[in-house]
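Chemist: Sharing a structure here in structure tokens format.
The values are calculated or read from the model by the stated rules, or taken from the named source; none is laboratory data. None of the values given here were measured: they were computed from a predicted structure. Here Cβ is always computed from backbone atoms with ideal geometry, including for glycine, and neighbour counts include all displayed protein chains. Only protein heavy atoms, including side chains, enter the accessible area calculation; ligands, DNA and RNA are left aside. Shrake-Rupley method; radii C 1.70, N 1.55, O 1.52, S 1.80 Å.
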Amino acid sequence: MAIAPRYGSMPDKRETLLIEKTMKTDGDYAESLSSEKFPLCQSDQWIVEHTSDGYVLHRIRRDIRKVYLEVTTRCNLRCANCVRNTWDEELADMSTETFNRVIDSLRDLPELREVYFGGFGEPLLHPKIEEMVRQVKSLGVRISMSTNGTLLTEEKTKALVDARIDRLFVSMDSTQAQLFSELRGGANFDLVVENVKRIRDIRERKGYRMPTIGLEFVVTDKNIKDIKNLPSLAREIGASIILLTHLLPHNEQAARQIAYGGNNIEIPRPEGWAIMAGDYVMWGTLSTPRSKWGAYRHCRFVNDKGIVIAWDGGVSPCYALMHSYPYFVFGERKRVKRYLLGNVNEKSLSDIWTGEEYVLFRSKVQNFRFPSCVDCGANCDLRQNNEDCWANSPSCADCLWAQDIVRCP
């Protein structure tokens, strides 16, 4: 058998593999392998991918390291640029039964390091969010969460700090009260600021270093000048991380507000700042996105061994494919269709992760076997349905996440 090392490291030459089954799907050959007859790799199983260059061997491993968990698609705000204004998906909470299945699956992941409560809803709206955080934390992993900050009451904040949540990211799209309210669906800037200070104060009273507080800032042409003021705000409220991301526009009006792609766009890069956290001093950092389309493409979800679970238990490879919705890529409208690789109510995360379809999808993304649609120049309509001329569906050919233009914590 010829083995092409182009898409991964060559297996040890001493590991002779036994082909047990062959199946043909969508024109690609995939072979499930085991090596039970060979002492050097008795516990290994493999999937072989037949490419134009030869065969690629993928070791089947339960090596999920980060789980993004969407516990609700509901939100108490109606932000101007939110996907919720353009989709028709159900607004609902994750059921107790589904969450319990998630917990059971998480216990079976030997390399799990972090669970991130996020997705396309406001996690603090779930009526059992505090208990969910406690149950996940009992597994000994890092817990992170994104929130709009409006629901961080004294009671909820104490519960989250007592549950030893590690990182809390708060949406902060402006340092000006009026613009903040405009962008954040009427949210009160002063309320959110006081709520974040409450996290800091409760953390300090208890003598904890955690949670680390982060600010998420979606850059548009309206608020780009506010970036220079973010470090002073972060210092005031106790935030040591600022994550900048560009806007993912879901309608034509939002598409005209993007602050990337042009020749004269420059994101300010303010200096760092010092933050006290218990007996520690942390140096604040501001992380900026790319602002132009480039040749380098890298999927953080796949390469960081992440997996995304939606409120109904559906499993997707990334945020971009976890729901169906429209968005614009440099002025071109496209429609993303939800891409599911399984559901935790039917299979464990391990079984979904090591399934043939998911293994081969990750291989394709890791090596980015997709065209570059944005700068292609061809006048085709495949992008409109998230497909490409290399017969990929779904396609990552013009993914803004892979360009590090749109980013998540």
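Chemist: Show me, for the range 70-79, the HN-Hα J-couplings you get by feeding each phi into the Karplus relation (A = 6.51, B = -1.76, C = 1.60, θ = phi - 60°), rounded to Hz, glycine and proline as x.
Modeler: 9, 8, 7, 10, 7, 8, 8, 10, 10, 5
Chemist: Can you sort Lys228, Lys334 by solvent-accessible area, 1.4 Å probe, largest first?
Modeler: Values: Lys228 125, Lys334 5 Å².
Sorted by accessible area, descending: Lys228, Lys334.
Chemist: In addition: Modelled label-to-label distance, Arg78 and Ala391, 7 Å Cα→beta-carbon offset: nm?
Modeler: 4.6
Chemist: Can you give the longest stretch of the chain with no exposed loop site, where a site means GluC sites (Glu not before Pro) in a DSSP loop (not H, G, I, E or B) with at most 16 other C-beta atoms within 10 Å? Walk me through the intermediate numbers first.
Modeler: On the way: sites that count: Glu15, Glu36, Glu89, Glu90, Glu111, Glu266, Glu271, Glu346.
Within the chain, the longest run free of exposed GluC sites (Glu not before Pro) spans 112-265.
Chemist: Please name which of Ser95, Gly54, Ala255 has its Cα lying farthest along the dipole of the chain towards the positive end, using unit charges on Cβ (Lys, Arg +1; Asp, Glu -1) and the Cα centre as origin.
Modeler: Positive-most Cα among the choices belongs to Ala255.
Chemist: Residue-wise, which Karplus ³J(HN,Hα) couplings in Hz belong to the range 333-340, taking 6.51 cos²θ - 1.76 cosθ + 1.60, θ = phi - 60°, and x for glycine or proline?
Modeler: Using θ = phi - 60°, the values come out as 7, 9, 10, 8, 9, 3, 10, 9 Hz.
Chemist: Okay, moving on. Which entries of Lys137/Lys158; Lys128/Lys158; Lys222/Lys337 have Cα-Cα distances beyond 18 Å here?
Modeler: Numbers: Lys137/Lys158 15 Å; Lys128/Lys158 15 Å; Lys222/Lys337 30 Å.
Listed pairs above 18 Å: Lys222/Lys337.
Chemist: Next question, about the same structure. Would you mind checking which residues have amide H under 5 Å from Val219's amide H? H placed 1.01 Å from N; only 5 or more apart, or other chain.
Modeler: Thr245, His246, Leu247
Chemist: Continuing with this model, one more query. Which value, in Å² rounded to 10, gives the accessible area of Trp401 with a 1.4 Å probe and all protein chains present?
Modeler: 30
Chemist: Another question, then. Can you put Tyr55, Tyr339 in order of accessible area, largest first, using a 1.4 Å probe? Don't skip to the answer; put the middle values down first.
Modeler: On the way: Tyr55 60, Tyr339 30 Å².
Greatest to least solvent exposure: Tyr55, Tyr339.
Chemist: Put Asp93, Asp221, Asp88, Asp173 in order of accessible area, largest first, 1.4 Å probe: what do you get? Don't jump to the answer; show the numbers that get you there.
Modeler: On the way: Asp93 45, Asp221 85, Asp88 125, Asp173 15 Å².
Highest to lowest solvent-accessible surface, that is Asp88, Asp221, Asp93, Asp173.
Chemist: Say the dipole of the chain comes from +1 at the beta carbon of Lys and Arg and -1 at that of Asp and Glu; which of Pro270, Leu124, Val302 then lies farthest toward its positive end?
Modeler: Farthest along the dipole direction, towards plus: Pro270.
Chemist: So, with a 1.4 angstrom probe, what is the percent of accessible area on the range 322-400 that is carbon and sulfur? Display every interim value, and only then the final one.
Modeler: On the way: 1570 of 3600 Å².
Carbon with sulfur: 43 percent of the solvent-accessible area.
Chemist: Using Cα pairs closer than 8 Å and at least 6 residues apart in sequence, work out the relative contact order for the range 75-150, in percent.
Modeler: After rounding, I find 34 percent.
Chemist: Per residue, how much accessible surface does the chain expose to a 1.4 Å probe? Answer in Å², no decimals. Mind showing how you got there, number by number?
Modeler: Working: 18810 Å² over 409 residues.
I get 46 Å² per residue for the chain.
Chemist: Can you flag which of Lys292/Lys334; Lys66/Lys225; Lys66/Lys228 are past 22 Å Cα-Cα?
Modeler: Lys66/Lys225; Lys66/Lys228
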